[in-house]
Amino acid sequence: MSLLDASGMSVVWEWHDGSYDRAQIQADATGWSISGRHGDTRYLIGLDAEFACRTLEVSSGAQALTLNRTKAGWLSMDGVLVPHSAKCRDLDLGWTALTNTFPIRRLMAANQPTATFEVLMIGLPHLDIRVVEQSYTRQEGGWLYQNNDSGYSTLLSVDKNGLVMDYPDLCSRKDLGR
């Protein structure tokens, strides 16, 4: 299942607070490269061909963070390993609905209706990092997303590529074409 053609795709979500998240998705030699922006927060995400996260660069105001996924877990630029991150193939950047697409894409490709993942969650404004458990379950009308640590859940509607169209109470995708 192909996400898009080699020319790439631009995606925009309008948040209910009036802000926008814009992302550009491009195929690269090892998978996918994503560059995005939400307000003064900018992010670059590298994905492998199976939509597992490989790299993250993010800056927000004076804060910056660079992480690379290794077999041992997520490693910062200064060589510090994020504790308990070895099983984290996914990132959850709370300022973009795009990161929900990664586990959904893998589930769609495997025709798997539900799974639970350990995820590296990055928070604003200080780019704090924590490992959380999240579940996705296919339902009529989309995918039920659950943060098992906080108890939060919502039904995400997605397009045929697994990209979030509507994230209730947070944002909605705007169709701007290619």
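The values are calculated or read from the model by the stated rules, or taken from the named source; none is laboratory data. Source: prediction; values computed, not measured. Heads up, the Cβs are rebuilt from the backbone with ideal geometry, glycines too, and the neighbour counts pull from every protein chain shown. These area figures cover heavy atoms from the full protein model, side chains too; ligands, DNA and RNA do not enter into them. Shrake-Rupley method; radii C 1.70, N 1.55, O 1.52, S 1.80 Å.
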Taking the stretch 51-81 and the residues there that are surrounded by fewer than 16 Cβ atoms within 10 Å (Cβ to Cβ), without any contact (Cβ under 8 Å) to a residue 24 or more places away in the chain and among the hydrophobic types (A, V, I, L, M, F, W, C), the one that is nearest to LEU124 (Cα to Cα) would be ALA62
Verdict on VAL131 being in contact with a His (Cβ under 8 Å, 6 or more places away or on another chain) and in a strand (DSSP E or B) = yes
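Scan the stretch 29-41 residue by residue and report those that are of a type outside the set (S, T, N, Q), open to solvent by less than 60 Å² (accessible area, probe 1.4 Å) and out of contact with any Lys or Arg (no Cβ under 8 Å at 6 or more places or on another chain).
Initially, the stretch 29-41 is screened for residues of a type outside the set (S, T, N, Q), giving 29, 31-32, 34, 36-40.
Of the ones still in play, those that are also open to solvent by less than 60 Å² (accessible area, probe 1.4 Å) are 31-32, 34, 36, 38-39.
Once the filter is applied, which keeps residues that are of a type outside the set (S, T, N, Q), open to solvent by less than 60 Å² (accessible area, probe 1.4 Å) and out of contact with any Lys or Arg (no Cβ under 8 Å at 6 or more places or on another chain), the stretch 29-41 yields TRP32, ILE34, GLY39.
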Expected single match for touching an Asp or Glu at 6+ places or on another chain (Cβ under 7 Å), more than 24 Å from TYR20 (Cα to Cα) and touching a residue at least 12 places away in the same chain (Cβ under 8 Å) among THR137, THR96, THR116 is THR116
Out of (1) more than 19 Å from GLY123 (Cβ to Cβ); (2) open to solvent by less than 60 Å² (accessible area, probe 1.4 Å); (3) modelled with pLDDT of 95 or more, the one GLY8 does not meet is (3)
